Every structure is written in structure tokens, then in C-alpha cells.
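Okay, structure first, notes after.
What follows draws every value from the coordinates through simple rules; no lab data is involved. On a predicted model such as this, the values are computed, not experimentally measured, just so you know. When we count neighbours, we look across all protein chains shown, and the Cβ atoms used for this are built from the backbone with ideal geometry, even at glycine.
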């Protein structure tokens, strides 16, 4: 218990008491954190099921064929367009064990995506969104779209998704980055 004496301006003497449970003066040695390891292409494809693996391997193949950068994360990856050294996300790809399940998500409006980083006009972005919707496998995910892969995608659906990715990359190349 701690006691403190006070005297008011009128001369009244006061005593206050405070109950102190214990001294909490221990110092934290330091906070440490560690990043999760990045997933590899081999690990990612092994984690995908028989429905996702055909599309995901084709997206990775497209990236290699067309020199589109792939950024690997702790669970999945993003397919990007390279505009003079700046990478702009086209889509985000997640495996079955992620929070998004086995999904491909457009990055038209996402952080690091087309609207935020490029000079692609709003009308063109809206057209790209309609083009993705027309494939018939995407549903709404906020402003962007998602394709939750729970069945075999047809050859045409996979080709249409790849063509859409190239369309987005083409618009980024055409209009460039925001100034």
C-alpha cells in the first residue's frame, strides 16, 4: 500500500492511499517474428486437387511462355504483367487448404492490381470484368470475381481463362502505369 499526503490551498491536510499489487517493471527482451516459408511450384501443384491442377499448371505454363512474372506466397501465387519493371497483378491463385479454398480471383480492383496501379481506363476495366463473367465460371467477390474450382473445367473454360489473363496483360501494356 502506498500513502500520499496532500494539503489543499485552504490548509486542509489529506491522506490518500493506493493499493499496489506488485511491481510490474520487468522488461520485455524483444519481440520476434518469423515469416512463413514461400510455397514452391511443385508444392503448390501437389496441394491442388484433380480439378484445380489442370488450370493451375496451365496458368504457370502461360506465365513461363509469355514471360509473365509469378509471385509465390505462403499458400498460393499471383500472375502478373510486367510493365517496365513494375509488376501488376492479373489474378491471385489459391490452393484447397487456403482460406479461399481452391480459387482463382481476378485482380482488376485488388491492391496491387489493375485499377490501383495502371492507367487502364475504368471503362476498359469494366469490359475486362464482363469478359471474365462471360466465361461462365466466375462469381462476384466484392468488386473482383472469383472462380471456386470444385469440378472439372472444360478445355474451353481453361482456354478462355488463359485468354482473359492475356487480355488483361495486353491492356496493361497498352495503357501503362498511373503517374
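Points worth noting:
- Every residue from region 130-142 that is over 13 Å from residue 103 (Cβ atoms) and surrounded by 19 or more Cβ atoms within 10 Å (Cβ to Cβ): 132
- Residue that is surrounded by the most Cβ atoms within 10 Å (Cβ to Cβ), among those in region 145-179 that are in contact with a helix residue (DSSP H, G or I) (Cβ under 8 Å, 6 or more places away or on another chain) and within 15 Å of residue 105 (Cβ to Cβ): 168
- Among the residues making up region 112-125, a single one is more than 15 Å from the chain's Cα centre (by Cα), surrounded by 19 or more Cβ atoms within 10 Å (Cβ to Cβ) and in contact (Cβ under 8 Å) with a residue 60 or more places away in the chain: 118.
- Taken over region 135-162, the criterion of being more than 18 Å from residue 92 (Cβ to Cβ) and free of Cβ contacts under 8 Å to residues at least 24 places away in the same chain is satisfied by 136, 154, 155, 156, 157, 159.
- Qualifying residue in region 38-50 (condition: more than 17 Å from the chain's Cα centre (by Cα) and crowded, with 21+ Cβ neighbours inside 10 Å): yes
- With a requirement of 1 or more residues that are touching a residue at least 40 places away in the same chain (Cβ under 8 Å), the strands (runs of 3 or more DSSP E) lying completely within region 48-111 that satisfy it span 77-83, 86-94, 103-106.
- Qualifying residues in region 79-98 (those that are closer than 10 Å to residue 177 by Cα and in contact with a helix residue (DSSP H, G or I) (Cβ under 6 Å, 6 or more places away or on another chain)) - the one surrounded by the most Cβ atoms within 10 Å (Cβ to Cβ): 88
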